[in-house]
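One structure is given here, and the rest of the page talks about it.
The values are calculated or read from the model by the stated rules, or taken from the named source; none is laboratory data. All values derive from a computational prediction rather than experimental measurement. FYI the Cβ positions are ideal-geometry reconstructions off the backbone, even for glycines, and counts take in every protein chain you see. To get the accessible areas, we keep the full protein, side chains included, count just its heavy atoms, and leave off ligands, DNA and RNA. Shrake-Rupley method; radii C 1.70, N 1.55, O 1.52, S 1.80 Å.
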Amino acid sequence: MKNLAQTNYRSALQTVRDLKEKYGQTWDAINPESAARMVAQNQFRTGLDIVKYTAAIMRKDMAEYDADTSKYTQSLGCWHGFVAQQKMIAVKKHHKTTQKRYLYLSGWMVAALRSEFGPLPDQSMHEKTAVSGLIEEIYDFLRQADAIELNDLFRRQESGEDVQDQIDNFETHIVPIIADIDAGFGNEEATYLLAKKMIQAGACAIQIENQVSDAKQCGHQDGKVTVPHEDFIAKLNAVRYAFLELGVEDGIIVARTDSEGAGLTQKLPVSQEPGDLASQYLAFVDAEEVEIENAKEDDVLLKRDGKLVRPIRLANGLYKFKEGSNIDRVVLDCVTSLQNGADLLWIETPTPNVKQIAHMVNRIREVVPNAKLVYNNSPSFNWTLNFRNQVFDEMLAEGENMTAYDRNNLMDAEYDHSELCHRADEKIKTFQIDGAREAGIFHHLITLPTYHTTALHMNDLTEGYFGEEGMLAYVKGVQRQEIRKSVSCVKHQRMAGSDLGDDHKTFFAGEKALKASGVNNTSNQFEVKSKNDKTNQKLSEVA
């Protein structure tokens, strides 16, 4: 993508110089270089600036994936701006570029961690504004990451280092967000209103599911109720209109189907002619043949293949789908969504099995050849057990003697160094590569990783800190690791913007500025000296 730092800096520099000339002595205190530096450190003024920039990235990545399936994309779910910021800082540090790395905003984590009601299940009970609010927060933190890194570069330049190339070719931490709007939080007008808020906050890709909004369930739980296609298409349209109203021509819609695991529908659509979408949907509804004289008062009846049938209706008024119709419903859902404005698909599956995913995607591609998925590498799957079971079946089919393994206890640690384990772990390792190549998966994400890592790290720290290790548990397990791995937030004052604020105060107040940096700033203890620095220090002491 086009680099922005150099363009913004030079343009701002000239603009401020022109303004100084226009306004004369009243602007004497304004330094064009300082103003231009601040502009370069804040490349995106609004969420819509971010949307247009990141939507173009996603469209480019989608085209590249269509040409070469090895060029898939990835993301991790984040529930706080700081978590997203540290993720992208780490991405730049370890992989040198943010290309093909996105962020995911999970409705599950918003419900569990961001609601004013307190922790909630993933049933669309949290506040709508919590979703758009989190998007805005994430981009605030990413913009701050830009400002801090560029500020460090400008400081180094002022001290005499030649870092102009790094400034000119600075890569922003701003990346696309795929944001979960659940089932739209109401009717299509409610979907449109929330989508508009999410887009204004910065979301270039909105993921929406075909569940009933007022009875929405987590995709990996039971009791899911889907809606007829016409209802879902109306919501796809609502999201597209929101993008267009805000001037975003290439916004991305991710249409999710929960039909693989959903066995219920809330209402029966009205068919206008044989074979239309409503008719195809009704064909999946389970029903029993009935004679008119045997029909009960107020029964709902359908004519099917010249016969009168009564849809199977539960006590709560919901209708059942036929057993075994789920895959056919998934395929019809996906084809219909792509034919009605969706750009990407999301299929919730019961297990992470590349062959099963590919089976559905290949059927979809018979109608829409470039169909591609956003796939949830979900923590709701027991990845170890799933893949050990897959490998067990493969080894059995290959004629291996499997008597050394207890099929009912494959999670046991005693198998961790076995052939079965090694093969299973290799399949987990290559799952994303295999899924991208064989199952049309353009984007791999983990919905809830930082929910689980936070819990795991707090478990480990708590065990030692409140036990015999005391403070050593923190120092050994956290701080020492931060220092040696150069984790950015080891200098938490700098990461919160202290150095950046000092420089701004200098711009504003000159030598009168009261700054936080100095000899008494304890962050100086975290300056890591190179071996050359240490050698020079020893030579200096000898001299």
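Note down the net charge around Lys322, summing +1 for each Lys or Arg and -1 for each Asp or Glu among other residues with Cβ under 12 Å from its Cβ.
Neighbourhood net charge equals -1.
Which order do the peptides 256-266, 22-32 come out in when sorted by mean C-beta neighbours inside 10 angstrom, highest first?
Taking the mean over residues of other Cβ atoms within 10 Å, the ranking is 256-266, 22-32.
With axes computed from alpha carbons, what is the tilt in degrees of helix 326-338 against the longest principal axis of the chain, rounded to the nearest 10 within 0 to 90?
60
Counting only heavy atoms of the protein chains, get the accessible area per residue of segment 36-119 (1.4 Å probe) and round it to a whole Å² value.
That works out to 42 Å² per residue.
So, how do all the Cα-to-Cα distances of segment 338-452 break down into 5 Å bins, in percent, from 0 on up?
2, 11, 19, 20, 17, 13, 9, 5, 3, 1, 0
Pop a pseudo-label 7 angstrom from the Cα along the beta-carbon direction at both Phe507 and Thr15 and give the gap in nm to one decimal.
1.2
Between Lys224 and residues 5 or more places away or on another chain, which pairs have amide H atoms under 5 Å apart, with H built 1.01 Å from N, and which residues are they?
Hits under the 5 Å cutoff: Gly263.
In this model, which of Lys71/Lys372; Lys87/Lys485; Lys93/Lys427; Lys224/Lys267; Lys224/Lys355 are farther than 18 Å apart at the alpha-carbon?
Table pairs above 18 Å Cα-Cα are Lys93/Lys427; Lys224/Lys355.
If I fit a long axis through the Cα atoms of helix 129-158 and take the longest principal axis of the Cα atoms of the chain, what angle between them do I get, 0 to 90°, rounded to 10?
That works out to roughly 30 degrees.
For Gln207, enumerate residues with amide H under 5 Å from its amide H, sequence gap 5+ or separate chain, H modeled in the peptide plane.
Result for Gln207 returns Ala179, Asp180, Ile181, Val254.
Pop out the Kirkwood hydrodynamic radius of segment 448-508 from its pairwise C-alpha distances, inverse of mean 1/r, in Å to one decimal.
Kirkwood hydrodynamic radius for segment 448-508: 13.7 Å.
Quick one: net charge of Met402's neighbours, Cβ under 13 Å, K/R +1, D/E -1? Could the numbers behind the result be given before it?
Values: positive: Arg388, Arg407, Arg423; negative: Asp393, Glu394, Glu398, Glu400, Asp406, Glu419.
Every neighbour counted, the sum reads -3.
Could you tell me the relative contact order of the chain? Use alpha-carbon pairs under 8 Å, at least six residues apart, and round to a whole percent.
14
Treat every Asp and Glu Cβ in segment 328-433 as -1 and every Lys and Arg Cβ as +1, leave all other atoms uncharged, and give the resulting dipole magnitude about the Cα centre to the nearest 20 debye.
Taking the Cα centre of segment 328-433 as origin, the dipole is about 500 debye.
Which percent of the accessible heavy-atom area of the chain goes to carbon and sulfur, probe 1.4 angstrom?
Carbon and sulfur atoms account for 50 percent of the accessible area of the chain.
Take every DSSP beta bridge with both residues inside the chain and express the antiparallel ones as a percent of the total, to the nearest 5.
Within the chain, antiparallel bridges account for around 25 percent of the total.
Please sort 106-112, 365-371 by packing, taking for each peptide the average over its residues of neighbouring beta carbons within 10 angstrom, highest first. Intermediate results must be reported in sequence, preceding the final value.
Numbers: 106-112: 24.1, 365-371: 13.9.
Put in order of decreasing packing, that is 106-112, 365-371.
Name the residue from Thr349, Val39, Ala201 whose Cα lies farthest towards the positive end of the charge dipole of the chain, charges +1 on Cβ of Lys and Arg and -1 on Cβ of Asp and Glu.
Val39
Give, as a single signed number, the net charge of other residues whose beta carbon lies under 12 Å from the beta carbon of Asn294, with Lys and Arg counted +1 and Asp and Glu -1.
-4
Output the 0 to 90 degree angle, nearest 10, between the alpha-carbon long axis of helix 498-509 and the longest principal axis computed from the alpha carbons of the chain.
That helix lies at roughly 60 degrees to the long axis.
Taking every pair of distinct Cα atoms and averaging 1/r, then inverting, what Kirkwood hydrodynamic radius in Å comes out for segment 396-458?
The answer is 14.7 Å.
Could you please state, rounded to a whole Å, how far the C-alpha centre of segment 75-95 is from the C-alpha centre of segment 312-343?
So the two Cα centres are separated by 36 Å.
With equal scatterers on the alpha carbons only and no solvent term, can you work out the Debye log10 of I(q)/I(0) for the chain at 0.09, 0.10 1/Å?
-0.81, -0.96
Output wanted: per-residue J couplings in Hz (rounded whole) for segment 258-267, from phi through Karplus 6.51 cos²θ - 1.76 cosθ + 1.60, θ = phi - 60°, x for Gly and Pro.
Once θ is set to phi - 60°, the couplings for segment 258-267 become 9, 5, 4, x, 9, x, 9, 10, 8, 9 Hz.
Taking only protein heavy atoms and a 1.4 Å probe, what accessible area per residue, in Å², does segment 203-329 have with all protein chains in place? Could the numbers behind the result be given before it?
Values: 6060 Å² over 127 residues.
For segment 203-329, the per-residue accessible area is 48 Å².
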